[in-house]
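Chemist: Dropping the structure in here first, questions after.
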């Protein structure tokens, strides 16, 4: 019996040192924006019977449906462990987090071709997201960009042109169709306190100290502003990564009693999707949310609340598509402005290609061909 013990131990040792499983594509997803975009790509890949794997981190865990991607979801969560278990020909990550950069760095000197997907319509900004995103994208061989506007920005000037692939943003076209098909009367019937008798303002939230300052400015503006209807009404659309506690407490303390408002979070009965909020809006307002971009794509009148001295800007302000709110008077001007947008004008202004899903798959296929 003892004669066979070393053989058994050797067998066990060999069974734990196997070669990594090969896969064509590994997606590492975390931030809501990148995840929603790239899931449209994975849907098409799955329909076509393609070979790929998905690692869902953070918020992406709530967006990647395990019943749909039962075979594709991988249970590991660190770059080192995954590199020992899986050998992808293509790695595609978002750019939102340090952890995604770790994956790009880990696979840099391997046979894997790495891509960073930049989902934000802006090339820069004053919030921490952009600081991390610009570091992360530099770790990838290729960057997938939403528009020619972003590709031509100073932030990407050091990248060789051949590594900047303008592929659009997959959710834009789907988003546009969804908003166009929404029954506004049904939504207003649900909300009850919000009516079309007065301009419907939608304020789309984000998070962070600078955002909180902008939010406080907006509350001050709406309290002091006056326009030619008796009713003031606002829908506060809370960011998916936030619970709305800050906005709720601030409104309870500081918002005027003459303002009807709804705080739309994921856990309230009057929850609105961002598509529904845009559909019924007369003026769509934010500080630094990319939902302003979505509203502009749908032809809605848009504005950014920017406190005096705040360096934040946006391509929509630069291109004079969005209006700037920094006082009660500028809020009124924005509400009363006759400015309109053609539904497809943003595509032309910013050089955004359509058929984005197919463009991303073409980039993947070219990478597989060259691998």
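Chemist: Restricting attention to segment 1-35, which residues are at pLDDT 95 or above and part of a helix (DSSP H, G or I)?
Modeler: Within segment 1-35, 34, 35 qualify.
Chemist: So, restricting to helices (runs of 4 or more DSSP H) that lie completely within segment 308-354, which ones have at least 3 residues that are within 25 Å of residue 223 (Cβ to Cβ) and out of contact with any strand residue (DSSP E or B) (no Cβ under 6 Å at 6 or more places or on another chain)?
Modeler: 328-336
Chemist: Check 307, 353 and return the single one that is under 18 Å from the mean Cα position of the chain (by Cα), surrounded by fewer than 22 Cβ atoms within 10 Å (Cβ to Cβ) and either modelled with pLDDT of 90 or more or in the same structural domain as residue 214 (by TED's automatic domain parsing) (or both).
Modeler: 353
Chemist: Here is a follow-up. Name the residues in segment 36-62 that are under 20 Å from residue 87 (Cβ atoms) and part of a helix (DSSP H, G or I), would you?
Modeler: 42, 45
Chemist: Does residue 119 satisfy the criteria of being over 22 Å from residue 357 (Cβ atoms) and either assigned to a loop (DSSP other than H, G, I, E, B) or within 15 Å of the chain's Cα centre (by Cα) (or both)?
Modeler: Taking the combined requirement at face value, the residue does not satisfy it.
Chemist: Against the condition out of contact with any helix residue (DSSP H, G or I) (no Cβ under 8 Å at 6 or more places or on another chain) and assigned by TED's automatic domain parsing to the domain that holds residue 356, how does residue 89 come out, does it pass?
Modeler: no
Chemist: Residues in segment 188-219 that are surrounded by 18 or more Cβ atoms within 10 Å (Cβ to Cβ) and in a helix (DSSP H, G or I): how many?
Modeler: Looking only at that region, the number is 8.
Chemist: Okay, moving on. Testing residue 251 on (1) without any contact (Cβ under 8 Å) to a residue 40 or more places away in the chain; (2) in a helix (DSSP H, G or I); (3) closer than 21 Å to residue 178 by Cα, one condition comes back false. Which one is that?
Modeler: (3)
Chemist: From 72, 43, grab the single residue that is within 21 Å of residue 22 (Cβ to Cβ) and either buried (at least 21 other Cβ atoms within 10 Å of the Cβ) or not assigned by TED's automatic domain parsing to the domain that holds residue 304 (or both).
Modeler: Residue meeting the stated conditions: 72.
Chemist: Which condition does residue 131 not pass, out of (1) surrounded by 15 or more Cβ atoms within 10 Å (Cβ to Cβ); (2) at pLDDT below 95; (3) at negative phi, if it passes all the others?
Modeler: Every listed condition holds for residue 131 apart from (1).
Chemist: Let me ask something else about it. Among the residues of segment 262-278, is there at least one that is in contact with a strand residue (DSSP E or B) (Cβ under 7 Å, 6 or more places away or on another chain), free of Cβ contacts under 8 Å to residues at least 24 places away in the same chain and either assigned to a helix (DSSP H, G or I) or closer than 26 Å to residue 197 by Cα (or both)?
Modeler: The answer is yes, given that some residue of segment 262-278 is in contact with a strand residue (DSSP E or B) (Cβ under 7 Å, 6 or more places away or on another chain), free of Cβ contacts under 8 Å to residues at least 24 places away in the same chain and either assigned to a helix (DSSP H, G or I) or closer than 26 Å to residue 197 by Cα (or both).
Chemist: Tally the residues that are assigned to a loop (DSSP other than H, G, I, E, B) and surrounded by fewer than 21 Cβ atoms within 10 Å (Cβ to Cβ), restricting the search to segment 134-147.
Modeler: Total meeting the criteria: 2.
Chemist: Still on this structure, I have one more. Could you list all residues from segment 63-95 that are at pLDDT below 95 and assigned to a helix (DSSP H, G or I)?
Modeler: Once the filter is applied, which keeps residues that are at pLDDT below 95 and assigned to a helix (DSSP H, G or I), segment 63-95 yields 79, 80, 81, 82, 83, 84, 85.
Chemist: Specify which of the listed residues (241, 290) is surrounded by fewer than 16 Cβ atoms within 10 Å (Cβ to Cβ), under 17 Å from the mean Cα position of the chain (by Cα), in contact (Cβ under 8 Å) with a residue 24 or more places away in the chain and within 29 Å of residue 37 (Cβ to Cβ).
Modeler: Working: 290 fails: surrounded by fewer than 16 Cβ atoms within 10 Å (Cβ to Cβ).
The unique qualifying residue is 241.
Chemist: Can you pull out every residue in segment 96-109 that is in contact (Cβ under 8 Å) with a residue 24 or more places away in the chain, in a loop (DSSP other than H, G, I, E, B) and under 21 Å from residue 365 (Cα atoms)?
Modeler: 107, 108
Chemist: Taking the conditions exactly as written (surrounded by 17 or more Cβ atoms within 10 Å (Cβ to Cβ), in contact (Cβ under 8 Å) with a residue 40 or more places away in the chain, in contact with a strand residue (DSSP E or B) (Cβ under 9 Å, 6 or more places away or on another chain) and over 24 Å from residue 289 (Cβ atoms)), does residue 54 satisfy them or not? So that I can check it myself, show each step before the final result.
Modeler: Details: surrounded by 17 or more Cβ atoms within 10 Å (Cβ to Cβ): yes; in contact (Cβ under 8 Å) with a residue 40 or more places away in the chain: no; in contact with a strand residue (DSSP E or B) (Cβ under 9 Å, 6 or more places away or on another chain): yes; over 24 Å from residue 289 (Cβ atoms): yes.
No, not satisfied.
Chemist: Of everything in segment 220-248 that's part of a helix (DSSP H, G or I) and in contact with a strand residue (DSSP E or B) (Cβ under 9 Å, 6 or more places away or on another chain), which residue is farthest from residue 30 (Cα to Cα)?
Modeler: Result: 223.
Chemist: Run down 63, 91 and say which single residue is crowded, with 23+ Cβ neighbours inside 10 Å, in contact (Cβ under 8 Å) with a residue 24 or more places away in the chain and in contact with a strand residue (DSSP E or B) (Cβ under 9 Å, 6 or more places away or on another chain).
Modeler: Going through 63, 91 in turn, the sole match is 91.
Chemist: Another question, then. Based on this model, can you work out whether residue 185 counts as over 21 Å from residue 104 (Cα atoms), modelled with pLDDT of 90 or more and either assigned by TED's automatic domain parsing to the domain that holds residue 97 or loosely packed, with under 15 Cβ neighbours inside 10 Å (or both)? Walk me through how you get there before you give the answer.
Modeler: On the way: over 21 Å from residue 104 (Cα atoms): yes; modelled with pLDDT of 90 or more: yes; either assigned by TED's automatic domain parsing to the domain that holds residue 97 or loosely packed, with under 15 Cβ neighbours inside 10 Å (or both): yes.
When the stated conditions are applied, residue 185 passes them.
The values are calculated or read from the model by the stated rules, or taken from the named source; none is laboratory data. All of these numbers come straight from a predicted model, not from anything done at the bench. Positions of Cβ are generated from backbone atoms using ideal geometry, with glycine treated the same way; all protein chains shown enter the neighbour counts.
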